[in-house]
Amino acid sequence: MSAATRPISSLDWRGGEAGPERDLVLRGARVLDPRAGVDGAHDVVVRDGQVAELAGAGAAEVPGAEVVEAEGLSVFAAFFDPHVHLRTPGREDEEDLETGSRAAAAGGFCGALAMANTEPPTDSAPDVAALRERARAQATVPLGFLACVTRTMSGEELTEMSEIADAGAVGFSDDGVPIRSARVMRRALQYQRLVDLPIALHEEDPELSGRGSMHEGAVSAALGIEGIPSISESTMIARDAQIAAFERARVHVQHLSAAESVAVVEAAKAAGVAVSCEASPHHLTLTDERVRGLDASFKMNPPLRTEDDRRALIDGLRAGTIDCIATDHAPHSSDEKEVPFEQAAMGTIGLETAFAAIFTELVLPGVLDLATVVERLSGGAEPFGFRAPRVAPGAEANLVLVDTEAEWEVGAEGWESRSQNSCFAGARLRGRVLMTVAAGRVAYRQRSFAMGVA
Amino acid sequence: MRHLLAIEDLERADVDRIMARARSFAEVGRRDIKKVPTLRGRTIVSLFYESSTRTSSSFELAAKRLSADVVAVKSAGSAVDKGESLRDTIATLSAYAPAAIVIRHPYAGAANLVTGWTSAAVINAGDGKHEHPSQALLDAYTLLDRLGAVDGRRREDLDGKRIWIVGDVLHSRVARSCALCFRMMGAEVTVCGPPSLIPRGITEALGVEVAHDLDALGEADVVYALRMQRERMSESFVPSVREYVAHYQIDSRRLGARQLLMHPGPVNRGVELSPEVVDGPASLITAQVESGLVVRMAILYELLAGGEPRGAGAADRDAELPAPTPIGEPA
């Protein structure tokens, strides 16, 4: 697998704000980018799509530039989400590239990678080419598209991975369903050598998950709802880590949810297997206790698990066993959620709340430090071959301006996403994204901030 | 109480109030004219998405005994068959301004959801494998009735009683509601069954003991057997009916002379219970059905005509509860 060398701007999008590009100065912000070793007050100068300069606070003199007075605010390396569902094609009533990329920008993400479980599934070169073309017309931030590992996502025959790679897919995944057959998994990992693209895995043993719709444990026992045991996830990760080791392949494990899974990934990494993995903001901040009210907003796959699992995910994130935070942004229409819990669709939207949820639940109480969170929120680019966002002179400008003091009620001002199925809806969170610069262009300004009243 | 959704939501005082009210309705039931005018002019909708004999008939009769008008909707043959969503069905039925909706649904939390879509009181008559609160209340009532007086006073708790719930606990809403209700009333509850049919985490969830064989069944004052569905065999939860019967059937050798036997019905004779114990002297199965009527009358009364007790301890003074006046007698 090649190193992470591609710029985020090589993904597809229509560019940022219209009009002549001006230089941009974010004056006096606290700049934090642990990868670049930056943590201090600076004027950030953006010119020609790059971070031109990190000047001393108040020192930058750039004639003609737009100046944002950012004292008391923070500038981070922008976030990068390697796991979103943009429901295009097929379910544009739930999300499309325009609304989904706006939601990403509003959450501080400078790029996002869309999964292939569309209707019909994205499983051919023309499918990928069509999505890329659409992104160039509609997307507010750079978007990449994964294609299915198997035709029609049925887990049986491989897609034409080489041709799909030539069409510009950024990787392969059957996310939404696991690749049940170890034989098919092995073939895919063998074929990966030819295409040199990452394979992202939704790890779940359908035999163990059965018809389960929440974590199997004391809460499911109390509710009488069939459970999805933790081992449904961890045993499949163990299987695929072994296959990857055997084939000297590379796998990216999606949405870790269980303590057992963290242990399996940790052991695989220690054994030298090329495995990366992600965890979601909801698994890092919520547990199955939230399911007690049978509110389908808390129904996801993998399910919210126990406090022990949540702690293990946090420890894994801190230690670097978990490489990045990915939202698994999964829009659903209200009629798919306003039904009894067991009948409801799985998934929560997450792009617009990712930072605030983690900042409020994990950084403010001192569970994780802010630098780790920024590093992991921008950590989704490298496993897919893209250079991580950096706030350093000469780097492509991918940065986010955040007010860490601002408190807001989730959903009260509406959503950029077309769907509203958020597990954080109604929560009061701290930390508001005010502005996102993606691949050198302003991709988002928070409304009241843009009007100068924030 | 506004709705009856789950035993988990109830306070002990709620249960005591319903027990006391059920006793007063039992007295009415011994009169020639068994109907009271309490809910005259009010409509009760019964909406069953799963088959039911005793629960639906007993709620309907309870409503009629209280003079309510009853609309019974079964999913087969209704708009539900035509793909109407639960939300739309509730909106339609709510247009008749019912005082209460009694709902049984194959999925957990359906009754909770309905409360958000109607102004009617909602009674959960079974939601998936979650809860069946009216069953637990009628079982508690049956036990209080049968366990007899304490110090010359009518029994109002199950303190010190040991109750074993035997069978397919995993798939049983009755087991969950009964375990919570019996424990709330002071009993110690043990659930017993094959490990594949006892949910992981049940002790933490419900505060019950777990047993996997009947060796210590002798300690039980009450044996509550659950229905064992034959489809569990094909799903590999147990290898065969024969093996299940050998390990878990309650028969006259396993059931001691002083032990009471309960079952929520319908019974699979020869599976969870041997025929002779179903009809034996220890069996409360018919008494449970009788209790169902008065307890469901009490539930409807509590939600539609009752109110919170006026002060602490009010539930203890059932003598103060106004006796319902039968129709035909001067009110």
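Coordinate-derived values only; no laboratory data. Not measured: the values here are computed from a predicted model. FYI the Cβ positions are ideal-geometry reconstructions off the backbone, even for glycines, and counts take in every protein chain you see.
Relative to the Cα centre, the charge distribution of the range A:79-384, modelled as +1 at Lys and Arg Cβ and -1 at Asp and Glu Cβ, gives a dipole magnitude of about 620 debye. At 10 °C and 1.306 mPa s, grab the translational diffusion coefficient of chain A from Stokes-Einstein with a Kirkwood Rh over Cα pairs, rounded to a whole number in µm² per second. It comes out at roughly 73 µm²/s.
Taking amide H atoms as placed 1.01 Å from N in the peptide plane, the amide H of A:Ser276 lies under 5 Å from those of A:Val251, A:His252, A:Val253, each 5 or more residues away in sequence or on another chain.
Rounded to the nearest 10 degrees, the inclination of helix A:125-138 to the longest alpha-carbon principal axis of chain A is 30 degrees. Working note: Debye formula, equal point scatterers on the alpha-carbon atoms of the range A:305-364, no solvent; log10 I(q)/I(0) at q = 0.18, 0.23 Å⁻¹ is -0.83, -1.05.
Once the Cβ-Cβ distance of B:Thr53 and A:Ser154 is raised to the sixth power relative to R0 = 45 Å, the FRET efficiency obtained is 0.60.
Here the label points at A:Ala263 and A:Ser448, each 7 Å from Cα along the C-beta direction, are separated by 4.7 nm in the simple model.
Near A:Arg376: Cβ cut-off under 12 Å, other residues only, Lys/Arg at +1 and Asp/Glu at -1. The net charge is -4.
FRET efficiency for the pair B:Ser94 and A:Arg290, taken as 1/(1 + (r/R0)^6) with r the Cβ-Cβ distance and R0 = 25 Å, rounds to 0.30. Would you calculate a helix-derived [θ] at 222 nm for chain B, using -39,500 (n - 2.57) for each DSSP H run of n ≥ 4 and dividing by the full residue count, to the nearest 500? Using -39500 (n - 2.57) per qualifying helix, the result is -10000 deg cm²/dmol. Between B:His247 and A:Glu133, the simple spin-label model (points 7 angstrom out along Cα→Cβ) gives 6.2 nm. Per-residue mean of foreign Cβ neighbours for B:122-132 is 3 (Cβ atoms of other chains, 10 Å radius). A:Lys337: which lysines have alpha carbons under 17 Å from its alpha carbon, excluding same-chain residues fewer than 8 sequence positions away? Straight-distance partners of A:Lys337: A:Lys299. For chain B, a Kirkwood hydrodynamic radius built from all Cα pairs, placed in the Stokes-Einstein relation at 10 °C and 1.306 mPa s, yields a translational diffusion coefficient of 77 µm²/s.
Once both axes come from the Cα atoms, what is the angle between helix A:182-195 and the longest principal axis of chain A, in degrees from 0 to 90, rounded to 10? With rounding to tens, the tilt is 40 degrees. Simple rule: put +1 on each Lys or Arg Cβ and -1 on each Asp or Glu Cβ in the protein assembly as shown, find the dipole, and look at B:Ser67, B:Gly167, A:Gly56; the Cα lying farthest toward the positive end is B:Ser67. Phi angles across the range B:289-304 convert, under the Karplus curve 6.51 cos²θ - 1.76 cosθ + 1.60 with θ = phi - 60°, into 3J(HN,Hα) values of 5, 4, 5, x, 5, 6, 5, 6, 4, 5, 5, 4, 4, 4, 7, 10 Hz, Gly and Pro given as x. Summed over qualifying helices (DSSP H, 4 residues or more, each -39500 (n - 2.57)) and divided by its residue number, chain A shows a 222 nm mean residue ellipticity of -7500 deg cm²/dmol. Given +1 at the Cβ of Lys and Arg, -1 at the Cβ of Asp and Glu and no other charges, the dipole of the protein assembly as shown around its Cα centre is 2000 debye to the nearest 20. On alpha-carbon atoms, Rg over Rh for the range B:133-286 using Kirkwood Rh? When Rh is taken as the Kirkwood radius, the ratio is 0.95. With neighbour counts taken as other beta-carbon atoms within 10 Å, the residues A:Arg27, A:Arg428, A:Arg387 rank, fewest first, as A:Arg428, A:Arg387, A:Arg27. Among the trypsin sites (Lys or Arg not before Pro) in the range A:149-252, those placed in a DSSP loop whose Cβ has at most 15 other Cβ atoms within 10 Å are A:Arg211, A:Arg248. Between the beta carbons of A:Asp166 and A:Ala392, assuming R0 = 30 Å, the FRET efficiency works out to 0.35 to the nearest 0.05. Applied to the range B:228-238, the Karplus parametrisation 6.51 cos²θ - 1.76 cosθ + 1.60 on θ = phi - 60° returns per-residue 3J(HN,Hα) values of 10, 7, 5, 5, 5, 5, 5, 8, 6, 6, 9 Hz, with x for Gly and Pro.
Put simply, the amide H of A:Ile228, placed in the peptide plane, has neighbours under 5 Å in A:Ser213, A:Met214, A:His215, A:Glu216, leaving out anything fewer than 5 places away on its chain. Take every pair of alpha-carbon atoms less than 8 Å apart whose residues are at least six positions apart; their mean separation over the length of the range A:79-384 yields a relative contact order of 18 percent.
Taking only the Cα atoms of the protein assembly as shown, the radius of gyration and Dmax are 30.8, 99 Å. Entry note, chain B: relative contact order of 22 percent, from Cα contacts under 8 Å with a spacing of 6+ residues.
Shown for chain B: lysine pairs separated by 8 or more places, or found on different chains, whose C-alpha atoms are under 30 Å apart, numbering 11. Each Lys and Arg contributes +1 and each Asp and Glu -1, all at the Cβ; summed about the Cα centre of chain B, the dipole is approximately 800 debye. Each residue of the range A:310-317 was assigned a 3J(HN,Hα) from its phi angle through the Karplus expression (A = 6.51, B = -1.76, C = 1.60, θ = phi - 60°), giving 4, 4, 5, 5, 5, 4, x, 5 Hz with x at Gly and Pro.
Under the criterion of Cα pairs below 8 Å and six or more residues apart, the relative contact order for the range B:133-286 equals 21 percent.
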